[in-house]
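Here is the structure we will look at.
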Amino acid sequence: MVRLPPVPTVRDLIKLHNLSASKQLSQNFLLNTNITNKIAGLDGGVKDCQVCEVGAGPGCLTRSIIENGAAKIVAVEKDPRFLPALNVVANAIDGRMIIVHADILKYNMLKAFDPVDKKAWDDEPPKIKIIGNLPFSISTPLLIQWLSQISQKSGPFSLGRVKMTLAFQEEVAQRILAEPRTSQRSRLSIMTQNYCHVKPGFLIKGASFVPPPKVNSVVVNFTPRVTPLFDIDFDTLELIVKALFRHRRKFVFKGAKYLFPSDMDLSEKWFKDADVDKKLRAQQLSNQEINQLCSTYNKILSDHQLQPSDAMIVNETKKINPA
């Protein structure tokens, strides 16, 4: 393990700069170095890797990433109050750390990495990692954004199958990790597992954070798949699972009609042609059944000269969020 030069502790910097967690930004500080070292060491660790840390905060996980041997760290932080504390660390390690003051949802992460470590998509993952204790309020939209980039091999994923180690609220992690035909199975499970191999890291008790939230967190490891489970584009898959889970406690057939124009209900044909029981609930569908529904949906659209944008569910969204 690489030791940082003598610098004030994170707790000292928090006191010095009068820092506190912002409830508005869903901030909770993780100050236990045993836990942050464990995060940095997961899934092969960070030794000799380029790392982008999401939501660096006062820098406790940042220090663990450095001390575990990262070749370079780009710490992205939206809250300007934390920049002086991060600068203390950056100034102590001879240019291996770059601080980016930005909203991670808008930041072009490709800029964080030197393409020298780029790998072909079907090669082993590059020595590049994304690590973060994600703010609860943005964790799901951020993950969906990255999954979309994985599907297109764009953004940081243009450099290869970049691994991610991310901490989520326990309930969200359970949905990400849920196996087919289990009660926690959800839209997020299907979208994530279509594009990534996911495996649990470990649970972090709420009491480990400052201030302590009422819920626990779980660290999850993601490795992009060479080939997605389902042969369908990202936007259409997202549309399908949104419709299938529209009425979670009812038969999956109930939401199917929203995938077609209001004057052309082809949902009965969809399930019949896909050879899938329309009286299942969405969480009961196997991966094979979802794949059959995806391929059949594309065929029905083609046969009837339709586009996914013709679906009722798309037009509903347009009414709610007009351009």
- Message: Among the residues in the stretch 288-307, are any assigned to a loop (DSSP other than H, G, I, E, B) and under 22 Å from residue 176 (Cβ atoms)?
- Response: no
- Task: Determine which single condition residue 201 fails, assuming it passes every other condition in (1) small (Gly, Ala, Ser); (2) out of contact with any strand residue (DSSP E or B) (no Cβ under 6 Å at 6 or more places or on another chain); (3) under 28 Å from residue 32 (Cβ atoms); (4) not in a helix (DSSP H, G or I).
- Result: (2)
- Have a look at 155, 95 and point out the one that is over 18 Å from the mean Cα position of the chain (by Cα), at positive phi and not aromatic (Phe, Trp, Tyr). 95
- Which members of the stretch 193-217 meet the condition of being among the β-branched types (Val, Ile, Thr), more than 13 Å from the chain's Cα centre (by Cα) and closer than 16 Å to residue 171 by Cα? 204, 215
- Note on the structure: If we ask which residues in the stretch 154-174 are touching a strand residue (DSSP E or B) at 6+ places or on another chain (Cβ under 9 Å), open to solvent by 10 Å² or more (accessible area, probe 1.4 Å) and in a loop (DSSP other than H, G, I, E, B), their number turns out to be 1
- Message: Against the definition (in a helix (DSSP H, G or I) and surrounded by fewer than 18 Cβ atoms within 10 Å (Cβ to Cβ)), how does residue 139 come out, yes or no?
- Response: no
- Kindly list the number of the only condition in (1) over 17 Å from residue 220 (Cα atoms); (2) in contact (Cβ under 8 Å) with a residue 12 or more places away in the chain; (3) not hydrophobic (A, V, I, L, M, F, W, C) that fails for residue 149. (2)
- Inside the stretch 187-224, can you point out the residues that are in contact (Cβ under 8 Å) with a residue 60 or more places away in the chain and either touching a helix residue (DSSP H, G or I) at 6+ places or on another chain (Cβ under 7 Å) or among the small types (Gly, Ala, Ser) (or both)? 190, 201, 202, 204, 208, 212, 213, 217, 219, 224
- Picked from the stretch 226-246 (must be loosely packed, with under 15 Cβ neighbours inside 10 Å and in contact (Cβ under 8 Å) with a residue 12 or more places away in the chain), the residue farthest from residue 312 (Cα to Cα) is 226
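Quick grid of which residues meet (1) at pLDDT 95 or above; (2) of a type in the set (A, V, I, L, M); (3) crowded, with 24+ Cβ neighbours inside 10 Å; (4) not in a loop (DSSP other than H, G, I, E, B):
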residue	(1), (2), (3), (4)
44	yes, no, no, no
81	no, no, no, yes
120	yes, yes, no, no
125	yes, no, no, no
143	yes, yes, no, yes
- Note on the structure: Within the stretch 204-215, residues in contact with a strand residue (DSSP E or B) (Cβ under 6 Å, 6 or more places away or on another chain) and in a loop (DSSP other than H, G, I, E, B) come out as 215
- Say we look at the stretch 83-109 and pick out the residues that are closer than 20 Å to residue 18 by Cβ, without any contact (Cβ under 8 Å) to a residue 60 or more places away in the chain and not hydrophobic (A, V, I, L, M, F, W, C); which of these is most open to solvent (accessible area, probe 1.4 Å)? 101
- Of all residues making up the stretch 226-283, the number that are more than 21 Å from residue 181 (Cα to Cα), under 20 Å from the mean Cα position of the chain (by Cα), in a loop (DSSP other than H, G, I, E, B) and not hydrophobic (A, V, I, L, M, F, W, C): 2
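Against the definition (under 28 Å from residue 48 (Cβ atoms), among the small types (Gly, Ala, Ser) and in contact (Cβ under 8 Å) with a residue 60 or more places away in the chain), how does residue 112 come out, yes or no? Working first, answer last.
On the way: under 28 Å from residue 48 (Cβ atoms): yes; among the small types (Gly, Ala, Ser): yes; in contact (Cβ under 8 Å) with a residue 60 or more places away in the chain: yes.
Yes.
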- Message: Quick check on my filter: what residues within the stretch 284-307 are touching a residue at least 24 places away in the same chain (Cβ under 8 Å), closer than 20 Å to residue 185 by Cβ and open to solvent by 30 Å² or more (accessible area, probe 1.4 Å)?
- Response: 284, 287, 291
- Please find, among 95, 132, the residue that is of a type in the set (Gly, Ala, Ser) and assigned to a loop (DSSP other than H, G, I, E, B). 95
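The values are calculated or read from the model by the stated rules, or taken from the named source; none is laboratory data. As the structure is a computational prediction, the values presented were derived from the model and not from experiment. With ideal geometry, Cβ positions are generated from the backbone for all residues, glycine too; neighbour counts draw on all protein chains shown. When the accessible area is computed, the model is the full protein with side chains, heavy atoms only, and any ligands, DNA or RNA have been set aside. Shrake-Rupley method; radii C 1.70, N 1.55, O 1.52, S 1.80 Å.
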